[in-house]
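> Take a look at this one; I'll ask things after.
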Amino acid sequence: MYEPLLNRFIAYAKVNTRSNPHSSTIPSTPSQIDFALNLAEELKKIGLDEVEYNEDNGFVTATLPSNVDKDVPVIGFLAHIDTADYAAENIQPQVHRNYDGKDILLNEELAITMTVAEFPQLKNYVGQTVITTDGTTLLGADDKAGMASIVSAMEEYTKHPERPHGKIRLAFGPDEEIGTGALLFDVEHFDADFAYTLDSGIVGKFEYETFNAAQAEITFKGTSVHPGSAKDSMVNALLLAAQFATALPQDEVPEKTEGYEGFYMLSSQVGTIDEVKATYIIRDHDKMLFENRKRHFQELVDQFNSSFDQPRLDLKLYDQYYNMRDIIEKDMYSVDLALEAYRELGIEPDVKPFRGGTDGSIITYKGLPTPNIFTGSENLHGKYEFVTLEGMEKAADVVMKIIELTAAK
C-alpha cells in the first residue's frame with residue numbers, strides 16, 4: 001500500500017482547500033466543492049457504491065457494501081476536506097525517504113530549515129519516509145492524511161473482495177477548521193451505528209474527550225477626540241480592550257495549561273481608539289467549569305460596563321461544540337473496539353483528552369458516537385507541518401483492523 005498511499009496523499013495535499021472563516025456559505029470556499037466532486041469520481045473509480053455529493057452540506061458520502069452473511073455494526077469513517085487558515089496556495093510536498101534524524105532543509109532559496117533543536121520529536125522518525133512542506137505553506141496533512149488513509153483502506157477491500165467486512169460508510173466534509181461543516185451533517189442519511197474521524201495526531205493517539213467550546217465576540221466602543229483636549233472626554237477603546245484582556249485570569253491561557261485544564265484565549269483583535277473588535281475562545285472539558293467560565297466572562301463584561309455612564313462593551317457569546325465524552329461514555333463499544341484494534345496491531349494506545357474539537361464533537365451530539373483516530377501528522381497548521389508515510393499506513397491498518405474485528409465477531 002505504501003506507494004499508492006503516498007501518491008494519493010501528495011495529490012490531495014497539492015490542492016488548495018483552505019476554508020474561509022469570513023464566509024457565510026458551507027462549503028466556505030469553491031475549491032472545496034471542486035475537490036469534493038473530484039473525490040467522488042475517485043471513489044466511484046475504486047469501486048465504492050452509493051457515492052454522492054450533497055449540495056446542501058458539501059459532504060461526499062460512499063458505501064462499501066457488506067459481504068458477510070450476518071448482522072454486524074455499520075461503521076462510519078470520516079475526514080475533512082478543508083485545511084486551516086494558513087498559506088495554502090501552490091503547496092509543494094517534499095518527500096524525505098529514509099530520514100536520517102538531522103535537520104531538514106525545507107527551502108534552500110529562502111533558507112528555511114526545520115531543526116531538530118526546535119523539533120526534537122523528529123528523532124522519532126529516523127528511517128521513515130517523512131513528508132514536509134517547502135517552507136512557504138502548510139502541508140494539509142490535517143486532514144488530507146486522514147482522507148488518504150481511509151480511501152486507501154477502502155481500495156484494499158475493493159481489490160480483495162475475499163476479505164470479510166460489514167457495511168462501511170464514508171464521509172468527507174467541508175469547513176471543519178472553522179467549526180461549521182459538521183453542523184449540516186445528515187446523521188440519519190449516513191445511517192451508521194458509530195463512526196470514527198481520522199483527524200490529526202501522532203501514531204497511537206486516540207481521543208474520545210474534547211473540550212466544551214464557546215466563542216465570545218466583543219465590541220469595545222470608545223470616544224475618539226484630539227489628545228490635546230482629551231481630558232475627561234476620550235475613551236480609548238484600544239486601552240479598554242487591553243485592560244479587559246489583563247483582567248482575565250492570566251494563568252488560564254493555552255500557553256500555560258495542559259491536560260484537563262481549561263482556558264480563555266484572545267484569538268483576534270483589530271481596531272482603533274474609537275472601536276475595537278475582539279474575539280475570544282473559551283474552553284473546558286468539564287461542563288460545570290465550562291459554564292462557570294462563560295458566567296465569569298459575562299460578569300467581567302458587566303463589571304466593565306458598570307464603570308461607565310453608558311455600556312461600552314457589547315458581547316455576543318455562543319456555544320460551538322461540547323465534550324463528546326458525555327455521550328460516548330454511555331456506550332463505550334466504539335472506544336473498546338478501536339483500542340482492541342490498536343493493540344492487535346502492536347500500537348500502544350495513547351488515550352488522552354483532546355485539547356480541541358473535531359467534527360466528531362458535533363456529530364456525536366447529533367446521535368452518532370464518533371471518537372478520533374490518529375493520522376501520523378505533527379506541527380499542524382503551519383510551515384513546519386509534517387506526516388510520515390508509515391504513520392498514514394498504520395492509520396489505514398487501524399481502519400481495516402476495526403472492520404476485520406467486527407466481521408469476525
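The values are calculated or read from the model by the stated rules, or taken from the named source; none is laboratory data. Here the structure is a predicted model, which means the values were calculated and not measured. Here the Cβ positions follow ideal geometry from the backbone for every residue, glycine too, while neighbour counts run over all protein chains shown. Quick note on the areas: whole protein, heavy atoms, side chains included, nothing else; ligands and nucleic acids left out. Shrake-Rupley method; radii C 1.70, N 1.55, O 1.52, S 1.80 Å.
> I'd like the full set of residues that are open to solvent by 10 Å² or more (accessible area, probe 1.4 Å), part of a helix (DSSP H, G or I) and touching an Asp or Glu at 6+ places or on another chain (Cβ under 7 Å), limited to the range 116-141.
Gln121 - this is the single residue of the range 116-141 that is open to solvent by 10 Å² or more (accessible area, probe 1.4 Å), part of a helix (DSSP H, G or I) and touching an Asp or Glu at 6+ places or on another chain (Cβ under 7 Å).
> Take the residues of the range 28-64 that are of a type in the set (A, V, I, L, M, F, W, C) and open to solvent by 40 Å² or more (accessible area, probe 1.4 Å): which is nearest to Glu156 (Cα to Cα)?
So, considering only residues that are of a type in the set (A, V, I, L, M, F, W, C) and open to solvent by 40 Å² or more (accessible area, probe 1.4 Å), the one nearest to Glu156 (Cα to Cα) is Leu37.
> For the range 270-323, which positions are among the basic types (Lys, Arg) and either open to solvent by 70 Å² or more (accessible area, probe 1.4 Å) or in contact with a Lys or Arg (Cβ under 9 Å, 6 or more places away or on another chain) (or both)?
Lys277, Arg283, Lys287, Arg293, Arg295, Arg312, Lys316
> Could I ask something else about it? Any residue at all in the range 229-244 that's over 30 Å from Lys394 (Cβ atoms) and either of a type in the set (Asp, Glu) or under 22 Å from the mean Cα position of the chain (by Cα) (or both)? Don't jump to the end; show me each part of the working.
Going residue by residue through the range 229-244, those that are over 30 Å from Lys394 (Cβ atoms) are 229-244.
Subset that is either of a type in the set (Asp, Glu) or under 22 Å from the mean Cα position of the chain (by Cα) (or both): 232.
Yes, there is a match, as at least one residue in the range 229-244 is over 30 Å from Lys394 (Cβ atoms) and either of a type in the set (Asp, Glu) or under 22 Å from the mean Cα position of the chain (by Cα) (or both).
> Okay, moving on. Taking the range 321-360 on its own, how many of its residues are basic (Lys, Arg) and either touching a strand residue (DSSP E or B) at 6+ places or on another chain (Cβ under 7 Å) or touching a residue at least 60 places away in the same chain (Cβ under 8 Å) (or both)?
Summing the residues that are basic (Lys, Arg) and either touching a strand residue (DSSP E or B) at 6+ places or on another chain (Cβ under 7 Å) or touching a residue at least 60 places away in the same chain (Cβ under 8 Å) (or both) in the range 321-360 gives 3.
> Continuing with the same structure: Return a yes/no flag: does the range 338-351 have any residue that is open to solvent by less than 60 Å² (accessible area, probe 1.4 Å), among the hydrophobic types (A, V, I, L, M, F, W, C) and either on the phi > 0 side of the Ramachandran plot or in contact with a Ser or Thr (Cβ under 8 Å, 6 or more places away or on another chain) (or both).
no
> Check whether at least one residue in the range 105-113 is farther than 13 Å from Leu139 by Cβ, assigned to a strand (DSSP E or B) and among the hydroxyl-bearing types (Ser, Thr, Tyr), and report yes or no.
Yes.
> When you check Val15 against the structure, is it within 18 Å of Gly173 (Cβ to Cβ), open to solvent by 10 Å² or more (accessible area, probe 1.4 Å) and touching a strand residue (DSSP E or B) at 6+ places or on another chain (Cβ under 7 Å), yes or no? Before the answer, list the steps.
Values: within 18 Å of Gly173 (Cβ to Cβ): yes; open to solvent by 10 Å² or more (accessible area, probe 1.4 Å): yes; touching a strand residue (DSSP E or B) at 6+ places or on another chain (Cβ under 7 Å): no.
No.
> Of all helices (runs of 4 or more DSSP H) completely enclosed by the range 307-403, which ones contain at least 1 residues that are aliphatic (A, V, I, L, M), more than 21 Å from the chain's Cα centre (by Cα) and modelled with pLDDT of 95 or more?
Where helices (runs of 4 or more DSSP H) fall fully within the range 307-403 and carry at least 1 residues being aliphatic (A, V, I, L, M), more than 21 Å from the chain's Cα centre (by Cα) and modelled with pLDDT of 95 or more, they are 333-344.
> Could you list, in sequence order, the residues of the range 29-71 that are assigned to a loop (DSSP other than H, G, I, E, B), more than 23 Å from the chain's Cα centre (by Cα) and either at pLDDT 95 or above or of a type in the set (Lys, Arg) (or both)?
Ile46, Gly47, Leu48, Pro65, Ser66, Asn67, Val68, Lys70, listed by residue number.
> To continue, here is another question. Please verify whether the range 208-230 includes one or more residues that are farther than 27 Å from Asp326 by Cα, assigned to a loop (DSSP other than H, G, I, E, B), of a type in the set (A, V, I, L, M, F, W, C) and open to solvent by 10 Å² or more (accessible area, probe 1.4 Å).
Within the range 208-230, one or more residues are farther than 27 Å from Asp326 by Cα, assigned to a loop (DSSP other than H, G, I, E, B), of a type in the set (A, V, I, L, M, F, W, C) and open to solvent by 10 Å² or more (accessible area, probe 1.4 Å).
> Look through the range 231-252, keep the residues that are open to solvent by 40 Å² or more (accessible area, probe 1.4 Å), part of a helix (DSSP H, G or I) and not β-branched (Val, Ile, Thr), and return whichever of them is nearest to Glu385 (Cα to Cα).
Residue satisfying both the conditions and the ranking: Ala242.
> In the list Asn90, Asn67, which residue meets the criterion of being open to solvent by 10 Å² or more (accessible area, probe 1.4 Å), polar (S, T, N, Q) and in contact with a Pro (Cβ under 7 Å, 6 or more places away or on another chain)?
From the options Asn90, Asn67, the qualifying one is Asn67.
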